[in-house]
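Engineer: After the structure tokens below, expect a handful of questions from me.
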Amino acid sequence: MEMLKIQLQDAGRLAAQRTVAASAPASGPTPSLVASQTAHPGTSAPPRRSATRITVELLKTRGLRGLYKGAGATLMRDVPFSMIYFPLFANLNAVGRAEDCKAQERAPFLQSFMAGCMAGSVAAVAVTPLDVIKTRLQTLQKGEGEDSYRGIIDCAQRILKREGPSAFLKGATCRALVIAPLFGIAQGVYFLGVGEHLIGLLG
């Protein structure tokens, strides 16, 4: 799912690069980041990319293993995220309750929701450098001038050398804005017992 998401998100960027290249004067300078599959005037536009099309292409060209490219980097991001999120949430969720009744009393709904939001945003920002590395590794279609990486360490070294330390925090705010409500809602759903109710219906 991570692989497909990144390819779909990247499709718009590559399409924009092709448009810039196609509309640029013949004698003008070549744009610095132009996808290798540049469209030329008079040629038909490439077919619209979809999750199904990308999956079929990956299976044909790279096999089942291609769908799991960057799996190690994904684990490198998700495991630390969980290690930060769950203890932080548990502590925030226990704020304001007496020590002897923390295990028995359930925190109010709003507290659980806010604790989920805060813990999620903190954990998301903390692992953003790992997410940047994972995304770079899983981006299959490269534009001209864009690097292809040999692995996690090579990717981290090139980013640090060419873009500086600040590159590892690109998208941190957006990640926090996405993850915070996601985990706030997740804790709210858990608080309301929706999962248990659905399991009861299935049982």
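The values are calculated or read from the model by the stated rules, or taken from the named source; none is laboratory data. A quick note: this is a predicted structure, and the numbers were derived from the prediction, not measured. When we count neighbours, we look across all protein chains shown, and the Cβ atoms used for this are built from the backbone with ideal geometry, even at glycine. Keep in mind that these areas ignore ligands, DNA and RNA; they rest on the heavy atoms of the full protein, side chains included. Shrake-Rupley method; radii C 1.70, N 1.55, O 1.52, S 1.80 Å.
Engineer: So L177 passes all but one of these: (1) in a helix (DSSP H, G or I); (2) open to solvent by less than 70 Å² (accessible area, probe 1.4 Å); (3) at pLDDT 85 or above. Which condition number does it fail?
Structural biologist: For L177, the failing item is (2).
Engineer: Restricting to the stretch 163-203, give me the number of residues that are closer than 23 Å to D78 by Cβ and aliphatic (A, V, I, L, M).
Structural biologist: Looking only at that region, the number is 12.
Engineer: With of a type in the set (D, E, K, R), closer than 18 Å to I6 by Cβ and open to solvent by 40 Å² or more (accessible area, probe 1.4 Å) as the only criterion, which of R162, R136 stands out?
Structural biologist: Selected residue: R136, the only one of R162, R136 that is of a type in the set (D, E, K, R), closer than 18 Å to I6 by Cβ and open to solvent by 40 Å² or more (accessible area, probe 1.4 Å).
Engineer: Let me ask something else. Would the stretch 89-109 turn up any residue that is among the charged types (D, E, K, R) and open to solvent by less than 60 Å² (accessible area, probe 1.4 Å)?
Structural biologist: There is at least one residue in the stretch 89-109 that is among the charged types (D, E, K, R) and open to solvent by less than 60 Å² (accessible area, probe 1.4 Å).
Engineer: Do the conditions hold for A126, that is, is it modelled with pLDDT of 95 or more and under 30 Å from V189 (Cα atoms)?
Structural biologist: Spelling it out, A126 is indeed modelled with pLDDT of 95 or more and under 30 Å from V189 (Cα atoms).
Engineer: Looking at (1) out of contact with any Cys (no Cβ under 6 Å at 6 or more places or on another chain); (2) touching a residue at least 24 places away in the same chain (Cβ under 8 Å), which is the only condition I153 fails?
Structural biologist: Of everything listed in (1) out of contact with any Cys (no Cβ under 6 Å at 6 or more places or on another chain); (2) touching a residue at least 24 places away in the same chain (Cβ under 8 Å), I153 misses just condition (2).
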